[in-house]
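The values are calculated or read from the model by the stated rules, or taken from the named source; none is laboratory data. What you see is a predicted model; the values in this text were computed from it and never measured. All Cβ positions, glycine included, derive from the backbone under ideal geometry; neighbour counts span all protein chains shown.
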Amino acid sequence: MSGHMKLKTLREKRLKDGYQETSERALERRENLLAMALAVAVYNRRKELGLTQTEAADRCDLDQAKISRIEGSDAVPTLPLLYKLSKGLDATLRIDIDINDEEPKIILTPHEHNTAA
């Protein structure tokens, strides 16, 4: 079971037992979910491309440490950073946040390149 699933299961058990989450904790949890969703999307796309963190960083005009922080859920992305990631990883970035859904969705969709001339 992944760390995320363990935390989700623990949270569900606490809520069932009457635990009341503070608004500050709920906000922190949502922010963590967003960071994790971005981390997974970047990691998966980097692996699809067969790139190391250093190679991905070069393509994104970032340093390796920044890619590491993003994949470790330790970076708060700005719009320019998201643009660099999308361009460097040759993908369209889509962020789907539905306030009625606990799980944000961040998807990097590979660009299709027409090789026919």
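Contact annotation: residue pairs with Cβ atoms under 8 Å, 6 or more positions apart or on different chains, pairing a residue in segment 102-113 that is in contact (Cβ under 8 Å) with a residue 24 or more places away in the chain and part of a strand (DSSP E or B) with a partner that is exposed (fewer than 12 other Cβ atoms within 10 Å of the Cβ) and among the acidic types (Asp, Glu), are Lys105/Asp96; Ile106/Asp96; Ile107/Asp96. In segment 76-90, of all residues being over 14 Å from the mean Cα position of the chain (by Cα) and closer than 17 Å to Ala39 by Cβ, the one that is surrounded by the most Cβ atoms within 10 Å (Cβ to Cβ) corresponds to Gly88.
Scanning segment 90-101 for residues that are out of contact with any strand residue (DSSP E or B) (no Cβ under 7 Å at 6 or more places or on another chain) and without any contact (Cβ under 8 Å) to a residue 40 or more places away in the chain yields Asp98, Ile99, Asn100, Asp101. Restricting to segment 43-89, name every residue that is in contact (Cβ under 8 Å) with a residue 40 or more places away in the chain and part of a loop (DSSP other than H, G, I, E, B). Passing the criteria: Leu49, Ser73, Ala75, Val76, Leu89.
Considering every residue within segment 38-50, establish whether at least one is surrounded by 11 or more Cβ atoms within 10 Å (Cβ to Cβ), small (Gly, Ala, Ser), more than 28 Å from Ala26 (Cβ to Cβ) and more than 11 Å from the chain's Cα centre (by Cα). Looking for residues that are surrounded by 11 or more Cβ atoms within 10 Å (Cβ to Cβ), small (Gly, Ala, Ser), more than 28 Å from Ala26 (Cβ to Cβ) and more than 11 Å from the chain's Cα centre (by Cα), one finds none in segment 38-50, hence no. A Cβ distance below 7 Å, combined with a sequence gap of six or more or placement on separate chains, defines the contacts here; from segment 18-37, residues that are within 17 Å of Arg69 (Cβ to Cβ) reach residues that are modelled with pLDDT of 85 or more and exposed (fewer than 14 other Cβ atoms within 10 Å of the Cβ) in the pairs Ala37/Lys105.
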